[in-house]
1. Going by how many other Cβ atoms sit within 10 Å of their own, how do B:Tyr88, A:Tyr46, B:Tyr26 line up, fewest first?
2. What GluC sites (Glu not before Pro) in the range A:50-79 are in a loop by DSSP, with at most 13 other Cβ atoms within 10 Å of the Cβ?
3. Helix B:175-192 sits at what angle to the longest principal axis of chain B, using alpha carbons and giving 0 to 90 degrees rounded to 10?
4. Report the FRET efficiency, 1/(1 + (r/R0)^6), for A:Glu39 and A:Asp175, where r is their Cβ-Cβ distance and R0 is 41 Å, rounded to 0.05.
5. With a Förster radius of 30 Å, plug the Cβ-Cβ distance of A:Ala193 and B:Arg97 into 1/(1 + (r/R0)^6) and report the FRET value to the nearest 0.05.
6. For the protein assembly as shown: lysine pairs with Cα atoms under 24 Å, gap of 8 or more or different chains, count?
7. On average, how many beta carbons from a partner chain sit within 10 Å of the beta carbon of a residue in B:135-148?
8. Would you mind checking the tilt of helix A:114-140 against the longest principal axis of the Cα atoms of chain A, expressed as 0 to 90 degrees and rounded to 10?
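What follows draws every value from the coordinates through simple rules; no lab data is involved. Given the structure is predicted, the values throughout are model-derived calculations rather than measurements. We place every Cβ from the backbone using ideal geometry, glycine too, and count neighbours over all the protein chains shown.
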Protein chains: 2
Amino acid sequence: MGTVEWVETVERLIRSTQELLWERGYVGTSPKAIQAAAEAGQGSMYHHFAGKAELARAAIERSGAELTEAAEQELAGPGTATERIVRYLRRDREVLRGCRMGRLTADPDVMADPALRAPVAEAFGRIRARLADIIAEGKRDGEFPAGLDPVATAAAVAAVLQGGYVLARAAGEDDPFELAVQGLVHLLEGVSA
Amino acid sequence: MGTVEWVETVERLIRSTQELLWERGYVGTSPKAIQAAAEAGQGSMYHHFAGKAELARAAIERSGAELTEAAEQELAGPGTATERIVRYLRRDREVLRGCRMGRLTADPDVMADPALRAPVAEAFGRIRARLADIIAEGKRDGEFPAGLDPVATAAAVAAVLQGGYVLARAAGEDDPFELAVQGLVHLLEGVSA
DNA sequence: GTCTATATGGCGATAGAC
DNA sequence: GTCTATCGCCATATAGAC
């Protein structure tokens, strides 16, 4: 049993935990369910991780990194500030599954544990900062009016996404998400015109 | 033991469930915790409600009614369309506690049970429709440009609130919520000018 | 209507064999 | 590294006395 199998078991544990946290949250995810999803035994899991919290920490950090990287993919490409933001907003998403990070803010045990909340805070902090940079750039280029607040506008953009997920899940269909994005894009284009 | 005590026990059970669902969600709320919070015994709870799901149903329906009524309070008052929407957005909120309804969309058991999800869907449906009415009104009065889509804009407004809660909880402070609202209000005023 | 007793099963973890 | 056994506790009721 070389390093390969070791890494693969840990990887399966982390990825299974990511999926379960996404679907059922921290409170709703049991070590047993993780083991079943990862096809790993009880002993195996507790050998690699001290417990549920430590495994969740690894999974949340991984998800945070993936999320910010995905955002960077859309935001770093070519185009005007508006085009890049719209591309990010309209990216293909599994709307009804919700946001893997945003979902965790509903979990009291995650919010109460600094080690679990920190990666969530960091992911959203990075994305909001990146959006604010792009909007500030758009201002410099005369694309947005001088009076536009980049930080506040960036928060609104991020909030529309997170809120769009919430409204869509409540409705049981994608529409509210798409509508909210459409409404925001329209407003953004309105002030740019 | 007349009707008074009976009603009071049921009331305490419902209200305690509302609080616990808000704080810990459906999965994280146990009948035992509800009984403790309501100062009601095991037998008492199961006498009035068939089980956790039925009690949750009553609590969610109550919360939905309270939420739509509160929204109506802000939205029905005097002022222009923009003023009424801004008043609704800026209403005093316990930001870090999140939205009692929005929170439930993260709960897989709530989403999976039509009886539990329906009141959530209805509450958001009502609020979005009411916002769309007001925006349509503002269009008729020349307050908003003719090109503005009331339904999409309403979805964006509702999404900013829900997303603002998520961002604020992630950050552990109110700021992102306030910023998102500020960003949206600025955009709304921008297109109205 | 409310109480206590009881039941089944899952949670989250530890222990020690292999 | 992984397995099985075991643990104490809680979840979600049900049963029947009072």
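1. Working: B:Tyr88 22, A:Tyr46 14, B:Tyr26 25.
Fewest to most other Cβ atoms nearby, the residues stand as A:Tyr46, B:Tyr88, B:Tyr26.
2. On the way: sites: A:Glu54, A:Glu61, A:Glu66, A:Glu69, A:Glu72, A:Glu74; in loops: none.
Answer by residue number: there is no such site.
3. Here the helix axis deviates by roughly 40 degrees.
4. Numbers: r = 38 Å, r/R0 = 0.92.
The pair A:Glu39/A:Asp175 has a calculated efficiency of 0.65.
5. Numbers: r = 39 Å, r/R0 = 1.29.
The pair A:Ala193/B:Arg97 has a calculated efficiency of 0.20.
6. 5
7. Details: counts 1, 0, 0, 0, 0, 0, 0, 0, 0, 1, 3, 0, 4, 4.
Partner-chain Cβ atoms within 10 Å, mean over residues of B:135-148: 1.
8. Taking the Cα atoms of chain A, the angle to A:114-140 is about 20 degrees.
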